[in-house]
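K.L.:
Structure below; questions to follow.
The values are calculated or read from the model by the stated rules, or taken from the named source; none is laboratory data. Fair warning: this is a prediction, and the values are worked out from it, not measured in the lab. Ideal geometry is used to build each Cβ from the backbone, glycine not excepted, and the neighbour counts take in all protein chains shown. Accessible surface areas use protein heavy atoms only, side chains included; no ligands, DNA or RNA. Shrake-Rupley method; radii C 1.70, N 1.55, O 1.52, S 1.80 Å.
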Amino acid sequence: MVLPCLVLTATTGLARAQTVTPDLFSPNRQSQVITQDSPLRRTDAMDPLNGLRLPDADRDRRSSSSSTSTTQRIGQVPTYGLPAANGAATSGYDSLNRKRLKPKYYPGQAKPKPPPGPGSPAPTPQPLTAAGQLRLSIPPSETANKPPLPPAMAGTIVGQPPRKRLKVDDDPFGAVGDYAGSFMVKTAVEVMAGYDTNPGRLNSPQGKAFYMVAPEFVAMSDWERHAVVADLRGSFTGYGSQLTPIDGSPLSAPLDIDRPNFTGHIDGRLDVSRDTHLTAQARLLVSTDNPGSPNVQAGLARYPIYTTVGGTFGIDQHFNRMQVSLGGTVDRTDYQWSKLTDGTSSSNDDRNFTQYGGVGRVSYELNPAVKPFVEVEGDSRFHDLYLDRNGYARNSSGGYVKAGTSFEFTRILFGEISIGYARRDYVDPRLSPLEGLLTTASLTWNATPLTTAKFYSDTQLGETTLPGTSGVLSRTYTIEVDHDFRRWLTGIGKFTYGTLDYQGDNRTDTIYSVSADLIYKMTRSLWIKGTVRRDWLDSNLAGQSSASTVVMLGVRVQN
């Protein structure tokens with residue numbers, strides 16, 4: 001009995017001396033001391049490393065008996081009695097499910113893009129070259145047959161600075177031009193051939209084949225100050241044969257219907273100061289009366305050519321955002337004598353006149369995209385002969401006033417539009433005033449990178465030789481749509497509507513025109529062009545209406 005008692009006593013003593021505590025399961029080998037950063041450290045109220053966490057009543061009761069514990073608690077933030085997530089940052093996890101505050105940005109500061117949502121594909125990494133640089137352009141395939149590039153051009157030389165990315169050419173098939181001194185000069189010529197079912201715009205059409213040669217010349221100065229721009233464009237339309245009179249009666253169109261046309265102007269600007277500029281323009285127009293016009297005499301052998309030469313001299317002054325432009329104009333119009341089919345000639349001196357006028361314009365820049373304006377013009381016309389061929393005094397004075405705005409919205413929609421009123425009074429009391437609503441516009445809309453829509457509108461007060469008729473008020477409206485099927489293949493569709501109001505006479509004409517062009521750009525210097533156009537002239541007078549279809553094919557050579 002003695003031996004079992006001794007064994008039981010020894011076992012009981014060892015159990016009391018080695019009580020099983022969490023310290024026995026310490027992760028540190030050969031040590032039962034818990035380190036400061038141990039994840040298994042005790043976090044209860046009696047943890048000596050965390051300090052005492054006692055209620056206020058127990059803390060006050062034991063403060064007198066343990067000064068050492070009080071010293072250890074000084075400077076420590078108690079964690080009991082505080083709400084969840086107290087003192088949390090403005091972003092991150094919040095156990096109270098409070099709304100996260102959004103960061104504030106300065107005006108104009110770039111905002112980071114939101115992360116892609118679930119299911120969004122990962123961004124495709126940019127391809128790199130063998131040297132570890134970003135590739136300037138992506139080839140069609142890695143195995144494509146590409147011409148070798150020298151290391152200097154490829155940018156693979158060690159230590160070579162990176163090459164600058166070349167600017168994208170907005171018009172890869174446009175004319176390059178040449179420099180002549182400090183002027184950039186661009187030239188072009190178009191040679192076309194085709195067929196017109198009614199070149200004379202007769203009520204009984206007669207079709208003719210024709211050819212057209214149209215040269216162009218543009219020169220622009222490249223100066224730091226001042227500027228000079230010359231824009232000269234002309235054309236000549238020739239027909240291989242003459243029209244044939246029907247039943248021996250004279251036609252309302254000449255027998256020889258060849259027509260020249262030239263429009264040119266040279267603009268100059270002299271920069272006196274930053275806000276003051278002197279401007280000047282010299283212009284020249286060479287043309288004939290339009291086919292089908294009542295101003296064309298019966299029995300003509302060919303169209304009489306007229307020329308209008310003139311100039312404008314003015315000044316532009318800027319007052320902060322306000323711009324004031326003033327100018328004086330002088331124009332001279334001369335007609336050739338008319339050559340008749342019987343071999344005689346008829347004078348057109350009564351149609352020659354000189355015009356003096358002035359124009360003023362005030363505009364204000366509301367912002368860089370919108371600039372409204374008001375424009376006023378006045379002029380006087382003095383004919384070489386006081387009375388015309390029908391005994392009417394054609395000297396007159398008139399002008400117009402219009403208001404509008406020019407605008408530009410991120411190069412997507414830009415242009416100018418205005419509306420006003422025009423009037424012209426004649427010396428002869430038998431001629432009523434020529435007046436009407438004035439509408440002018442020039443708008444461009446880049447609908448897509450491949451499609452561009454344009455709108456043009458114009459109003460003119462023209463002279464006439466009809467007896468008792470003051471003049472002709474003409475309005476035209478044109479819509480044009482350009483689409484690039486490829487960079488080298490462009491299609492152009494155009495529709496024109498116009499009205500011709502002969503005031504003082506009961507004649508009113510309406511014109512329509514629909515055309516389609518296709519341009520194949522072989523190189524920068526050579527284009528192939530094809531055109532199909534249909535024209536209508538609808539008149540309220542019997543026998544004056546006409547229609548015509550024009551087909552043309554040719555080339556354009558430019559530099």
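K.L.:
With respect to D178, is the statement that it is modelled with pLDDT under 90, within 30 Å of L489 (Cβ to Cβ) and of a type in the set (D, E, K, R) true?
P.N.:
No; evaluated as a whole, the condition is false for this residue.
K.L.:
Sticking with this structure for a sec: Filter segment 275-304 down to the residues that are of a type in the set (V, I, T) and not in a strand (DSSP E or B), then identify the one that is nearest to P245 (Cα to Cα).
P.N.:
So, considering only residues that are of a type in the set (V, I, T) and not in a strand (DSSP E or B), the one nearest to P245 (Cα to Cα) is V296.
K.L.:
Do we find that T490 is assigned to a strand (DSSP E or B), touching a strand residue (DSSP E or B) at 6+ places or on another chain (Cβ under 6 Å) and among the hydroxyl-bearing types (S, T, Y) in this structure?
P.N.:
Yes.
K.L.:
Still on this structure, I have one more. So, in segment 485-505, of the ones that are open to solvent by less than 50 Å² (accessible area, probe 1.4 Å) and closer than 30 Å to T523 by Cα, which residue ends up farthest from the chain's Cα centre (by Cα)?
P.N.:
L489
K.L.:
Across segment 338-371, which residue is most open to solvent (accessible area, probe 1.4 Å) among those that are hydrophobic (A, V, I, L, M, F, W, C) and at pLDDT below 95?
P.N.:
Out of the qualifying residues, it is L366.
K.L.:
Here is a check on your reading of the model: is D331 in contact with a Pro (Cβ under 9 Å, 6 or more places away or on another chain) and among the acidic types (D, E)?
P.N.:
No: the conditions fail for D331.
K.L.:
Take segment 378-399 and flag every residue that is free of Cβ contacts under 8 Å to residues at least 24 places away in the same chain and within 30 Å of F319 (Cβ to Cβ).
P.N.:
Within segment 378-399, just G378 meets the criteria.
K.L.:
Can you tell me which of (1) part of a strand (DSSP E or B); (2) surrounded by 15 or more Cβ atoms within 10 Å (Cβ to Cβ) is the one T307 doesn't meet?
P.N.:
(2)
K.L.:
Report yes if T197 is open to solvent by less than 60 Å² (accessible area, probe 1.4 Å) and touching a residue at least 12 places away in the same chain (Cβ under 8 Å), otherwise no.
P.N.:
Taking the combined requirement at face value, the residue satisfies it.
K.L.:
Then there is this: Those residues that are out of contact with any Ser or Thr (no Cβ under 7 Å at 6 or more places or on another chain) and aliphatic (A, V, I, L, M), I need them from segment 446-480; list them, please.
P.N.:
Answer for segment 446-480, where residues must be out of contact with any Ser or Thr (no Cβ under 7 Å at 6 or more places or on another chain) and aliphatic (A, V, I, L, M): A447, L450, A453, L461, L466, L473, I479.
K.L.:
Being farther than 29 Å from T549 by Cα and modelled with pLDDT of 95 or more narrows it down to one residue among M192, M212, M220; which is it?
P.N.:
Step by step, each of M192, M212, M220 is checked, and only M220 is farther than 29 Å from T549 by Cα and modelled with pLDDT of 95 or more.
K.L.:
Does G420 satisfy the criteria of being exposed (fewer than 15 other Cβ atoms within 10 Å of the Cβ) and not in a loop (DSSP other than H, G, I, E, B)?
P.N.:
No.
K.L.:
Could you pull out the residue among V158, V213, V228 that is open to solvent by 40 Å² or more (accessible area, probe 1.4 Å), of a type in the set (V, I, T) and not in a strand (DSSP E or B)?
P.N.:
Criteria check complete, one pass: V158.
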